[in-house]
Amino acid sequence: MSFKIDIQPAGLHFQVERDQAILPAAIAAGVGLPYGCRDGACGSCKSKLVSGRVVHGAHQTKALSVQEEEAGLILTCCATPQSDCVIESRSVVAAGEFPILKIPVRVSSLNRAAPDVMVVRLQLPANASFQYKAGQYVEFLLRDGKRRAYSMGNAPHLKGDPPQMELHIRHMPGGLFTDALFSTVKEKDIMRVEGPYGSFWLREEVRKPIVFLASGTGFAPIKALIEHMQLKQDDRPAVLYWGCRQKRDLYLHEWAEQAAASMPNLTYVPVLSEPAAEDNWRGRTGFVHEAVMADYSDLSGHEVYACGAPVMVDAARRDFSARCGLPEEAFYADSFTSEADKA
């Protein structure tokens, strides 16, 4: 037995088996519902249940509170339908978007950009027309069916020849994937990835000023969005806030400075939460989203693109709305939910 799921306002629909969660069925059908962890931990897949009934599997209350569930919100990654359902997810685009592919990639370079950050370039196969939007991500296919997701740090028009994608990967000690990446993986190794995934891309039809907000390696998709703005000669006022602990963690600080110097409409504001004495730091300090609020008490006429640790993204979403008047629909986010975050 299966149930029909309608996604509005995109007008897409697909079937879900009785004991299957909505999100994996959507992925199999090529419907780009937003998601992050796929384990009920991050809340990225939160959507509105317009009609129908679902039963939720195990999930964390920070991802979906009791009050939110009572208000009709669901987590598609762990919601199993009990009837036909209509779901509202405004980030889903209509049919015709880029197909999700499984492809082999070759490690073309490994650059230790910071003590715990590797900038990895992966060469795409010549016979695979792998397309993506700036801001999207791929998943590495690991042993035992495990996956690890990382955003592309280069806009599609900068893939080069031969085509390559750039990923910014932080070492998580004890991590199944990053331990190997920082020790045994070498140039010319072959890996497998699947994508593109994600709904974190620039909404070009809106002409509001933009706040880009990044923490740590959440800078990767933000960098791709800025490169896309450069390509499109998008002249909307934009400001980039990048928060890290110490100066060495601003692993592409010079790139950000050069981007701001070459784009009259872009301002760059680095923020350090725990600057080291040897940094001789004279810039902004503290939590990066609080630096934004110190500069912009009124965000009602802006759009925000935020990427990084869930604690930063969640705080920004909450405080920008409650204290600065940012409309909920003007906050676009991609949380980097690690296995440690899930635990």
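Worth pointing out:
- Think of each Lys and Arg Cβ as +1 and each Asp and Glu Cβ as -1; about the Cα centre, that makes the dipole of the chain roughly 580 debye.
- Annotation: amide H of residue 234 has no partner in the under-5 Å range at sequence separation 5 or more or interchain, hydrogens built in the peptide plane.
- Karplus-based coupling profile of region 261-271, in residue order and whole Hz: 5, 8, 10, x, 8, 10, 10, 10, 10, x, 9, with θ = phi - 60° in 6.51 cos²θ - 1.76 cosθ + 1.60 and x standing for Gly or Pro.
- Listed values (i) 1.65; (ii) 0.98; (iii) 1.18, entry calculated as Cα Rg over 2.2 N^0.38 Å: (ii)
- Cα centre as origin, Lys/Arg/Asp/Glu Cβ charges: region 234-332 dipole, Debye: 220
- Comparing 134, 174, 67 along the charge dipole axis of the chain, the residue lying farthest to the positive side is 174, per the Cβ-charge model.
- Estimated FRET transfer efficiency when R0 is 22 angstrom, pair residue 192-residue 111 (beta carbons, to 0.05): 0.50
- Annotation: amide H of residue 8 within the under-5 Å range of 87, 88, 89, sequence separation 5 or more or interchain, hydrogens built in the peptide plane.
- Three-way shape label, region 16-87, alpha-carbon gyration tensor, a/c 1.5: oblate
- Look at the Cα gyration tensor of region 258-317: its axes a ≥ b ≥ c give a/c of at least 1.5 with a/b at or below b/c, and that counts as oblate.
- Here the residues 148, 282, 248, ranked from fewest to most Cβ neighbours within 10 Å of their Cβ, fall in the order 282, 248, 148.
- Residue 285/residue 1 FRET efficiency (R0 56 Å; Cβ-Cβ; nearest 0.05): 0.45
- Residues whose placed amide H lies under 5 Å from that of residue 109, excluding near-sequence neighbours: 121
- Under 14 Å from residue 62, Cα to Cα: aspartates and glutamates that are on another chain or at least 8 residues apart: 39, 314, 341
- Cα gyration tensor category, rounded, prolate or oblate, for region 210-342 with a/c compared to 1.5: rounded
- Each of 312, 26, 259 was scored by the projection of its Cα onto the charge dipole of the chain, and the greatest displacement toward the positive side belongs to 26; charges sit on the C-beta of Lys, Arg, Asp and Glu.
- Helix-derived mean residue ellipticity, 222 nm - over the chain, DSSP H n ≥ 4, -39500 (n - 2.57), to 500: -5500 deg cm²/dmol
- Of 195, 244, 35, farthest towards positive along the dipole that unit charges on Lys, Arg, Asp, Glu beta carbons give the chain: 195
- Between residue 17 and residue 254, the simple spin-label model (points 7 angstrom out along Cα→Cβ) gives 5.4 nm.
- Vicinal HN-Hα couplings computed from phi for region 324-331 (Karplus, 6.51 cos²θ - 1.76 cosθ + 1.60; Hz; Gly/Pro x): 10, x, 5, x, 4, 6, 9, 10
- DSSP beta bridges in the chain [antiparallel fraction, %, rounded to 5]: 60
- Percent RCO, i.e. relative contact order, over the chain, from Cα pairs under 8 Å lying at least 6 residues apart: 14
- Cβ-placed point charges (K, R +1; D, E -1), dipole of region 2-88 about Cα centre in debye, nearest 20: 100
- Difference of contour (0.36 nm per residue) and Cα-Cα distance, residue 179 to residue 100: 25.7 nm
Any read-out appearing in this document is the output of simple, stated calculations on the displayed coordinates, not a laboratory observation. Computed from a prediction, not measured in an experiment: that's the story for all the values here. In this analysis, Cβ positions are derived from the backbone assuming ideal geometry, glycine residues included, and neighbour counts consider all displayed protein chains.
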